[in-house]
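Here, each number is a calculation from the coordinates, and none is a lab measurement. Everything numeric in this text was worked out from a predicted model, so none of it was measured. Note that each Cβ is placed from the backbone with ideal geometry, even for glycine, and that neighbours are counted across all protein chains shown.
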Amino acid sequence: MNAMNTDAIIATEDLTIRFGGHAAVDQVSLEVKPFTLKSIIGPNGAGKTTFFNLLSGQYKPTGGKVFLKGKDITHLGAPMRCRLGLGRSFQLTNIFPLLTVLENVRLAIQARKGYGLNFWRHYLHFSACEDEAYQILKEVLLDEKWLYPANLLTHGEQRKLEMAILMALKPEILFLDEPTAGMSQEEVPAILEILERIKSKGDKTILLVEHKMDMIMNLSDSIAVLQDGRLIADSDPETIYRSKEVQEAYLGGGAKHE
């Protein structure tokens, strides 16, 4: 592996992917510092989710490189990147709908510990996993619904559960792709509280795609802006908020939050 001299925990260098003649991500170079929350914003079709797919190993780039702690991981697929500490959530919930909330999280812990996804062995054989799962559910404000089948949760609660499953895998880097997607306005504050809790612990790096500008500005240490697959800005929230180029590209020419 080639090494990159940087103190970033994850970085890209001229990262590019083309679908036919279209560059969905076009020579993007950015860095994410350890234990910070960096947000990726941009209008629809800007390439945000595609960029996430390149970072997490879902897609292979046409060109450029991805570095983790200075080491080139461009050739590694998603499973190996997960083992190295990258955790990825998706816009759509990814849970076992007929299992209980606690069982969903317990199975993630079992997988992390190498016990396998044993659905049939009695849960008392995994009491330590049960205890850990319950503590994680408390962190995401779902402990009161630990016995509910997952399919009885509201959409917002299912997004919380997905975050709990991701946290159960104990990644160093959380990749969160629109964690409030599809939520009602009433459900969003709970997700904000969970993100604040995770960030305040200071032991995770968070990379976040999100359209809700108020949340981005309040939570982020830095913000990168994509437009038509290209990185047009990467700075602190205040600088991004005041950027005329960002306003024109993303905010419709005015510095109004969505």
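Given an 8 Å cut-off on Cα distances and at least 6 residues of separation, report the relative contact order of the range 94-170 as a percent.
48
Apply the Karplus parameterisation 6.51 cos²θ - 1.76 cosθ + 1.60, with θ equal to phi minus 60°, to every residue of the range 219-228 and state each ³J(HN,Hα) to the nearest whole Hz, in sequence, with x for glycine and proline.
Values, residue by residue: 9, 7, 7, 8, 9, 10, 10, 9, 9, 6 Hz.
Please report the antiparallel percentage of the DSSP beta bridges confined to the chain, to the nearest 5.
Roughly 55 percent of the beta bridges in the chain run antiparallel, per DSSP.
Using 7 Å Cα-to-Cβ label points, what is the R197/Y115 separation (nm, one decimal)?
Distance between label points: 2.2 nm.
Quick check: pseudo-label points 7 Å beyond the Cα along Cα→Cβ at M217 and F35, how many nm apart are they?
2.8
Using the Karplus equation 6.51 cos²θ - 1.76 cosθ + 1.60 (θ = phi - 60°), what ³J(HN,Hα) coupling, rounded to whole Hz, does each residue of the range 140-151 give in order, writing x for Gly and Pro?
Values per residue, Gly and Pro as x: 9, 6, 10, 5, 6, 10, 5, 8, 5, x, 4, 6 Hz.
Taking 7 Å along the Cα-to-C-beta vector as the label spot, tell me the Q58-S184 distance in nanometres, rounded to one decimal.
2.8
Grab the DSSP H runs of the chain that are 4 residues or longer, score each as -39,500 (n - 2.57), total them, divide by all residues and round the 222 nm result to the nearest 500 deg cm²/dmol.
Mean residue ellipticity at 222 nm (helix-derived): -10000 deg cm²/dmol.
Given H placed 1.01 Å from N in the peptide plane, which residues other than close sequence neighbours of T36 have an amide H under 5 Å from its amide H?
Distant-sequence amide H within range of T36: I206.
Over the chain, what is the relative contact order in whole percent, taking alpha-carbon pairs under 8 Å and six or more residues apart?
Result for the chain is 26 percent.
Could you tell me whether the range 94-170 comes out rounded, prolate or oblate from its Cα gyration tensor? Rule is a ≥ b ≥ c as square roots of the eigenvalues, rounded for a/c under 1.5, then prolate if a/b exceeds b/c, otherwise oblate.
prolate
Whole number please: convex hull volume per residue, Cα atoms of the chain, in Å³.
Enclosed volume per residue, from the Cα hull, is 131 Å³.
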